[in-house]
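As structure tokens, the structure follows; a few thoughts come after it.
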Amino acid sequence: MSSSSSDEEIFDLVVNINRPRLLRRRTDFMTLYSEEEFQERLRLTKAIVNDLVSRIRNDLLPNTQRSCPLTPTEQVLLSLQFYATGSFQIFVGDDLGVHKSMVCKIIKKISTLIARLRPQHICMPSSAQESISVKRDFYKMRGFPNVIGC
């Protein structure tokens, strides 16, 4: 019986061993890619991304430093990579070492924050005369009839 109880004690010890967490190093797109490579992959310049991050940074700061949270820049880059590639969330997460469920949450959060910026960047014609003028300008520019925004 003593053999059996010592086996159980050893089993309990082995099961309860604290294993160190493996933290993968995250890819830093801002330094990894040249300006041209960056823009080719994410469809925006580094300056535009930095401006976007500065506008929504306060809404992206983590409440805690537990679990190595993504920085605001990493969250924006993750979302932009998803928008630019249309890839599966699991593959986008692999580049930054993030689980696909977290990728989903981040993309939703970033999308909402970007949408809140729309009044500063999207302006639709407010009068019939302005609509006619915009339609005329779009037609002159690219030959698209009856376009008032894109």
query: What number of residues within segment 44-69 satisfy the criterion of being under 15 Å from residue 102 (Cα atoms), part of a helix (DSSP H, G or I) and open to solvent by 70 Å² or more (accessible area, probe 1.4 Å)?
result: 0
statement: Selection from segment 78-97 of residues out of contact with any Leu (no Cβ under 7 Å at 6 or more places or on another chain) and within 17 Å of residue 28 (Cβ to Cβ) yields 79, 93, 94, 95, 97
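The values are calculated or read from the model by the stated rules, or taken from the named source; none is laboratory data. The model shown is predicted, which means the values in this text are computed figures rather than measured ones. Quick reminder, even Gly has a Cβ in these numbers, built from the backbone with ideal geometry, and neighbours come from all protein chains shown. Remember, those area values only see protein heavy atoms, side chains included, never the ligands or the DNA or RNA. Shrake-Rupley method; radii C 1.70, N 1.55, O 1.52, S 1.80 Å.
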